[in-house]
Amino acid sequence: MIDQIWRVPASTGTLRRLLACATLALAALAAAGPTTASAVTREYWIGATPTTWNIVPNGADAILGTRYGNETILPTVTYRRYTPGWKKLIRNSPADNVDSDRIPGPLLRAQVGDRILVHFKNFDTLFDRAHSMHFHGVSYKPSSDGAYLPGFSGRDGKVEPGRTWTYRLRAGPQSAGFWPYHDHSTSMHESLAGGLYGGFSIRGRRERAPDREFVVVFAPTGEFQTINGHAFVGNTPVFRARVGQLVQWNVMAIGSEHHTFHVHGHRWLDRGVPRDTQTVGPAESFRFRWREDARGTWFYHCHVEQHMERGMIGIYRVSR
Amino acid sequence: MSPRLGIAGLLAALAAASPALALAPHGGEGSHAPGEPAQVVINATAVDPSHIAILAGERVEWHNASTRDHTITSSDGLFDSDLIASNRRFSQAFTDPGTFTYYCRIHPFIRGAVNVAAVLLKAPTRSLVRGEELVLEGRTRPVGGAVTIERASGSGFVPVTTVQPASDGSFSARLPADGSASFRAVAGTDVSAPVHVEVAAARTMKVSAARRRRSQVVRVTVSPPLRGAIVRLQYYIRHRFGWWTTTRARLEDGRSATIRLRRGSRARVRIVLTQPDGETATAVRRMLKLPG
């Protein structure tokens, strides 16, 4: 996980625009101030739940003009969010819509110092497989590792269908950043291919929340190379922001391939070096922030060309 | 039956199977280039596909794509690969029809099966709507001669069409989907296992929209009923490059659904009726303009 903050100003901006951005940035810093966050216990109720997923809901690769039919529809199992006690299934995120609320799983949020309880239940009646949750970036005892190891691991690593487990996690000083979580049970390989993964966004103790927070998960799904389980523009997330907003991108990869995350018309700093493309490998992740100053409709995509042409591309819209 | 014991071979690099197969509950149609073995990938915790169908006389090759050692061991003691190290391969020929299950001796939860047939026949994995075209695909030994497609009737199977296989033995037959039925393919004395095709009745959908005091109401009525079905209300959205669902509703008793929208929009919307999975469209679509 690499954590990097702030963006290089757009090269096409006028002096006036740069001054406006600088003013906004200073105002934001002042507003953020030395916030004092007290540690809390956060609880999440998650299920591994069967669903039917359409990789290409609009039925097309709009750029190349290729049409797709029902062959993009797959039965699978994904992480879903529930009300306490798994009483009611709810959307993974209020901002999601009906075609994009299951892959990735719920974005878990915490702040350094927090204790996190993730109550997990395996609802897999589709494949009748064991599942689990394994979290990167946080501290826990072995009983919350969520990884199957014959003779060593307990029920946390192999939660059978119908069974539950509570993972007890702590966000320590090294936890600030964006991290993956995923199935690490005996069915890990098939489950990850079907979208059983999600992201964990942890803020530093004195770090303000961004105005806009985006999650980008590069992973193969079926025959396609997907972002958040979808392929091709329009199907992949359409991220939105306004000029002046503090925008945070959370990027991770699942699978066995490396990807190169690229956003058009923008740059960010990676340990002081300006970048507009950054590599992310299996289970790696990074995040960065910028103060948005570039209005327009932009591409974001994996720059591995074979991945782009199999669907790993989306659009980012910035308005005034 | 005794399958000819295979030769564990180390072959040139071959493409790994698509992860798509990991999603399919009953994957493994056995499609592979003529003369080449059917490919199965051994992952850390499972084989992919777990079920594969081949013709009698063909081979299956397992590639250990995980970092662990595995074995491919017949449940009936007919073959055993011994240890297959990471990135190594094992192949086995199967001469007689039947179903041959196997497992990994090191990880017994890894299990799979090879279905060996004289003729292979594959039906669509989804249900069809009456009037659609039914495509049955299959493969037989490339020995020449026509393949007869037979349909189950009350008194057994009766021929419905005849197709000529290509030089590699592959064939496809196109028939009108006029009702649910089982089919089989016959090539000389060889007969495939029957496959079942589910054909649903064509449905009509009535859609109306009305303005209420605080909302707009879209009413959808389907006939004949489709229990558990879902209707999707879609707008054409420019940045989605096509029709995009904003609201879903399940049909009450499979007959009707009511969708409430905010007042104001006079956009054109589309209604799509899907199977109970919420995704598979039954091709019944209607457009209407919202009253505002």
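The values are calculated or read from the model by the stated rules, or taken from the named source; none is laboratory data. Every value quoted in this text rests on a predicted model; they were computed, and no experiment measured them. So basically every Cβ, Gly included, is an ideal-geometry build from the backbone, and we count neighbours across all protein chains shown.
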### Query
Restricting to the stretch A:110-151, what's the tally of residues that are under 21 Å from A:Gly229 (Cα atoms) and assigned to a strand (DSSP E or B)?
4
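Select from the stretch B:98-122 the residues that are of a type in the set (D, E, K, R) and farther than 18 Å from B:Arg68 by Cα and list them in ascending order. So that I can check it myself, show each step before the final result.
Within the stretch B:98-122, the first condition is being of a type in the set (D, E, K, R), and the residues that meet it are B:105, B:111, B:122.
Listed by number, the list holds a single entry, B:Lys122.
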### Task
For A:Thr186, indicate whether it is within 14 Å of chain B (Cβ to nearest Cβ), among the β-branched types (Val, Ile, Thr) and over 30 Å from A:Arg291 (Cβ atoms).
yes
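Pick from A:Thr76, A:Thr52: which is at the interface with chain B (Cβ under 9 Å from one of its Cβ atoms), crowded, with 22+ Cβ neighbours inside 10 Å and touching a residue at least 12 places away in the same chain (Cβ under 8 Å)? Even if it seems obvious, please write down each step before you answer.
Values: A:Thr52 fails: crowded, with 22+ Cβ neighbours inside 10 Å.
So the residue among A:Thr76, A:Thr52 that is at the interface with chain B (Cβ under 9 Å from one of its Cβ atoms), crowded, with 22+ Cβ neighbours inside 10 Å and touching a residue at least 12 places away in the same chain (Cβ under 8 Å) is A:Thr76.
Would you confirm, using the coordinates I've provided, whether A:His259 is modelled with pLDDT of 95 or more and in contact with a Cys (Cβ under 6 Å, 6 or more places away or on another chain)?
Details: modelled with pLDDT of 95 or more: yes; in contact with a Cys (Cβ under 6 Å, 6 or more places away or on another chain): yes.
For A:His259, the condition - modelled with pLDDT of 95 or more and in contact with a Cys (Cβ under 6 Å, 6 or more places away or on another chain) - is met.
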### Query
Would you pick out the residues in the stretch B:249-291 that are in contact with a Ser or Thr (Cβ under 7 Å, 6 or more places away or on another chain) and at pLDDT below 85?
B:Thr280, B:Ala281, B:Thr282
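Going by the structure shown, is B:Val191 away from chain A (no Cβ under 14 Å), touching a residue at least 40 places away in the same chain (Cβ under 8 Å) and farther than 30 Å from A:Thr52 by Cα? Explain how you work it out, then say what you get.
On the way: away from chain A (no Cβ under 14 Å): yes; touching a residue at least 40 places away in the same chain (Cβ under 8 Å): yes; farther than 30 Å from A:Thr52 by Cα: yes.
Yes.
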#### Entry: Residue list for the stretch B:116-138, restricted to those being over 16 Å from the mean Cα position of the chain (by Cα) and either under 21 Å from B:Asp96 (Cβ atoms) or without any contact (Cβ under 8 Å) to a residue 40 or more places away in the chain (or both)
B:Val116, B:Ala117, B:Ala118, B:Val119
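Here are A:Phe218, A:Phe239, A:Phe200, A:Phe232: which of them is among the aromatic types (Phe, Trp, Tyr) and either at the interface with another protein chain (Cβ under 10 Å from one of its Cβ atoms) or not in a strand (DSSP E or B) (or both)? So that I can check it myself, show each step before the final result.
On the way: A:Phe218 fails: either at the interface with another protein chain (Cβ under 10 Å from one of its Cβ atoms) or not in a strand (DSSP E or B) (or both); A:Phe239 fails: either at the interface with another protein chain (Cβ under 10 Å from one of its Cβ atoms) or not in a strand (DSSP E or B) (or both); A:Phe200 fails: either at the interface with another protein chain (Cβ under 10 Å from one of its Cβ atoms) or not in a strand (DSSP E or B) (or both).
Among A:Phe218, A:Phe239, A:Phe200, A:Phe232, only A:Phe232 is among the aromatic types (Phe, Trp, Tyr) and either at the interface with another protein chain (Cβ under 10 Å from one of its Cβ atoms) or not in a strand (DSSP E or B) (or both).
Kindly provide the set of residues from the stretch B:124-149 that are assigned to a loop (DSSP other than H, G, I, E, B) and within 14 Å of another protein chain (Cβ to nearest Cβ), ordered by number. Walk me through how you get there before you give the answer.
From the stretch B:124-149, those assigned to a loop (DSSP other than H, G, I, E, B) are B:124-127, B:130-132, B:141-146; that's our starting set.
Hits for the stretch B:124-149 are B:Pro124, B:Thr125, B:Arg126, B:Ser127, B:Glu132.
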#### Entry: Selected residue [modelled with pLDDT under 90 and closer than 26 Å to B:Ile271 by Cβ] from B:Arg211, B:Arg203
B:Arg203
## Note on the structure
Within the stretch B:52-87, residues being in contact (Cβ under 8 Å) with a residue 60 or more places away in the chain and in a loop (DSSP other than H, G, I, E, B) number 6
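For the stretch A:278-300, enumerate the residues that are among the polar types (S, T, N, Q) and closer than 18 Å to A:Phe178 by Cβ. It would help to see each step written out before you state the result.
From the stretch A:278-300, those among the polar types (S, T, N, Q) are A:278-279, A:285, A:297; that's our starting set.
If the condition is that a residue be among the polar types (S, T, N, Q) and closer than 18 Å to A:Phe178 by Cβ, then A:Gln278, A:Thr279, A:Ser285 are the ones that fit.
Kindly indicate whether A:His266 is assigned to a loop (DSSP other than H, G, I, E, B) and either aromatic (Phe, Trp, Tyr) or away from every other protein chain (no Cβ under 11 Å) (or both). Full working, then the answer.
On the way: assigned to a loop (DSSP other than H, G, I, E, B): yes; either aromatic (Phe, Trp, Tyr) or away from every other protein chain (no Cβ under 11 Å) (or both): yes.
When the stated conditions are applied, A:His266 passes them.
So how many residues does the stretch A:278-294 have that are more than 30 Å from A:Met133 (Cα to Cα) and either in a strand (DSSP E or B) or not acidic (Asp, Glu) (or both)? Write out each step before concluding.
Applying the first criterion (more than 30 Å from A:Met133 (Cα to Cα)) to the stretch A:278-294 yields A:290-294.
Next cut, either in a strand (DSSP E or B) or not acidic (Asp, Glu) (or both) only: A:290-291, A:294.
Of the residues in the stretch A:278-294, 3 are more than 30 Å from A:Met133 (Cα to Cα) and either in a strand (DSSP E or B) or not acidic (Asp, Glu) (or both).
For the stretch A:50-90, which residues satisfy the criterion of being aliphatic (A, V, I, L, M) and either under 19 Å from A:Ser132 (Cα atoms) or assigned to a strand (DSSP E or B) (or both)?
Scanning the stretch A:50-90 gives A:Ala60, A:Ile73, A:Leu74, A:Val77, A:Leu89, A:Ile90.
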### Query
Taking the stated definitions as given, is B:Val160 surrounded by 14 or more Cβ atoms within 10 Å (Cβ to Cβ) and either free of Cβ contacts under 8 Å to residues at least 12 places away in the same chain or within 28 Å of B:Glu58 (Cβ to Cβ) (or both)?
yes
### Task
Name the residue, out of A:Glu292, A:Glu305, that is more than 19 Å from the chain's Cα centre (by Cα), of a type outside the set (S, T, N, Q), over 30 Å from A:Pro75 (Cβ atoms) and surrounded by 22 or more Cβ atoms within 10 Å (Cβ to Cβ).
A:Glu292
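Taking A:Thr226, is it outside any loop (DSSP other than H, G, I, E, B) and within 14 Å of chain B (Cβ to nearest Cβ)? Full working, then the answer.
Working: outside any loop (DSSP other than H, G, I, E, B): yes; within 14 Å of chain B (Cβ to nearest Cβ): yes.
Criteria met by A:Thr226.
State which residue is nearest to A:Arg163 (Cα to Cα) when the search covers only the stretch A:104-149 and only residues that are among the aliphatic types (A, V, I, L, M) and within 14 Å of chain B (Cβ to nearest Cβ). Can you show your working first?
Going residue by residue through the stretch A:104-149, those that are among the aliphatic types (A, V, I, L, M) are A:107-108, A:110, A:112, A:116-118, A:126, A:130, A:133, A:138, A:147, A:149.
Filter once more, keeping what is within 14 Å of chain B (Cβ to nearest Cβ): A:126, A:130, A:147, A:149.
Working: A:Leu126: 15, A:Ala130: 9, A:Ala147: 16, A:Leu149: 18 Å.
Result: A:Ala130.
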